[in-house]
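In what follows, a single structure is set out as structure tokens and then discussed.
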Amino acid sequence: MLSPKTVSISTNLATVITNQNKKLIPKQNTLLNELTNSIRSGIFSKIETTEVIEPVIYNASLGKEVVNNNAKNYIQSDHDTIMDNYIDDLSNLISNYLQFARNVVNKEVKIFKDELETSLDSHRYNEPEDIFNISYFRIHDVFNTTLIENEINQYGSSKNNLSVDPLATEKITSEIVNVETYLLSGDESIDSLIANWIKVSGKEKILGFINSNVRSYDLDLPDMLNYNLSNYLFYRNLTEKLDINFGLTTLQLRAKASNNRDFFGKGLYFTLELYNKQIKQGVLLTSSSDTKFSYFNDTKLNITIYEKSFEVLAENQCPIETLFGYISYTSSKDITVNGLMEKKDFYLDKWTSIRNLYLVKLNDSKLDTFKQLVKITFDKTLSQASEEEKEGKGLNVDNYDKETLKLFDSYIDNLKLSEISDLTKISLIIVAQIRFRYSNAFYILNTMDEILRTSDKIRVDEAALYACISYLTDHLIEQCDIITIN
């Protein structure tokens, strides 16, 4: 039986269609045509007003006799019993559709989406800023101890032109010299800082400064500081201990060790002076910074920034994007704090322009990468699909896989960058519309999704109900020819 609400909805639909000069003609051999004929048989073919439509259809559906100027008497027929059963059967069918969509297909949609999110989480898309691999250099506190004040600063007044006195330090291994203990000064307060400096710098790197043939002129300032301090502490203690066998007499070893101690002490003094001078001048980048920028190159640029200089930029609201603009525009490392702040707006504009160009390249790569990850996820989930699923329309497994892959490839080929952020929609299309294409699950789940997105207050069961009503409406409309009334 038709409920009053259903009759009201039908009447409103009829009114809208009439106002638009449209007419729905039920197609032959459809249940809608049978339903229409059964009702039409009990009323006059011409109805003057829409007010009479609702009570006539409603009472006819109940099998009641209707008497008014525009309707004949109507008594329920055997045919109406068939139509009443049709309503129940249709209700059960829709219930089955909904259960299949929510309990079977929607679970597969969620599995696919979870798999895709896992793949995406393990892959980080690059942003234009990612081309700069930024690190900050702050001088270690060990360079501000009394060791520097009492021992190293005295080399500033030294007039001696020193050079390294060769020793076979290449034979020194970690078994012979444990830098974590050998380089300690004997002063507990200083040694805690020395131990931390070794830990931060890496004991292998510290030992390498001592036993390797390091070309000091190739080192940038941070490494030069560590290089000189490592060797100064080593030769300082070797001069006192004389505990490593280099095949020399005690006098020879002490002379060489003390000479090298002074050489590296003087080197450390002048390296510290250079560091302080660069900080005073506001130098931003160390000499090892790679500033050869090109947005056609995927190679990261390793940039080391003096932290003290960067703090001045931050205090003056000069963002790091200004530095990006300078590097990408000039490919130079010769910039000071003042120089950057003076042309702040200019370099920010340059970075905006260059960033947009670089973003075009990254987005092309981003879309291709996303498609590859979706394909990997799809292949994985498709391989796990059951035989029952693949034979949903009587197709054999090979035909199902072939046709499914064809539809999937067509969808992925036409996927746009603007669409890849909506993983729910993508997962729904791939699983419900492509994999379960023989069902109406996509229509129901997609309609539910669209309804749920309109308001946070709508419950899932309400969305399911509205989706079913929409499905039934479309189902009935498909049984009609729509013509325009002139």
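Bear in mind these aren't lab numbers, they're just calculated from the coordinates by the rules spelled out. Just so it is clear, the structure is predicted and the values come from calculations on it, not from any experiment. Ideal geometry is used to build each Cβ from the backbone, glycine not excepted, and the neighbour counts take in all protein chains shown.
Things to note:
- Residue within region 198-211 that is without any contact (Cβ under 8 Å) to a residue 60 or more places away in the chain, in contact with a helix residue (DSSP H, G or I) (Cβ under 8 Å, 6 or more places away or on another chain) and not in a helix (DSSP H, G or I) present: no
- Scan of region 145-185 for residues that are more than 19 Å from Leu238 (Cα to Cα) and basic (Lys, Arg), ordered by number: Lys159
- From the list Ile451, Ile469, the one residue that fits, being more than 30 Å from Phe378 (Cβ to Cβ) and of a type in the set (A, V, I, L, M, F, W, C), is Ile469.
- Evaluation of Gly325 against (1) within 28 Å of the chain's Cα centre (by Cα); (2) small (Gly, Ala, Ser); (3) farther than 19 Å from Phe293 by Cα (one fails), failing number: (3)
- Considering only residues in region 244-262 that are among the hydrophobic types (A, V, I, L, M, F, W, C) and surrounded by fewer than 21 Cβ atoms within 10 Å (Cβ to Cβ), the one that is nearest to Thr173 (Cα to Cα) turns out to be Ile244.
- Pick from region 301-321, criterion closer than 17 Å to Trp351 by Cβ and under 25 Å from the mean Cα position of the chain (by Cα), ranking: surrounded by the most Cβ atoms within 10 Å (Cβ to Cβ): Ile303
- Picking from residues in region 239-284 that are among the acidic types (Asp, Glu) and assigned to a helix (DSSP H, G or I), the one that is nearest to Tyr182 (Cα to Cα) is Glu240.
- Restricting attention to region 124-152, the residues being farther than 15 Å from Lys366 by Cβ, in a helix (DSSP H, G or I) and of a type in the set (A, V, I, L, M) number 4.
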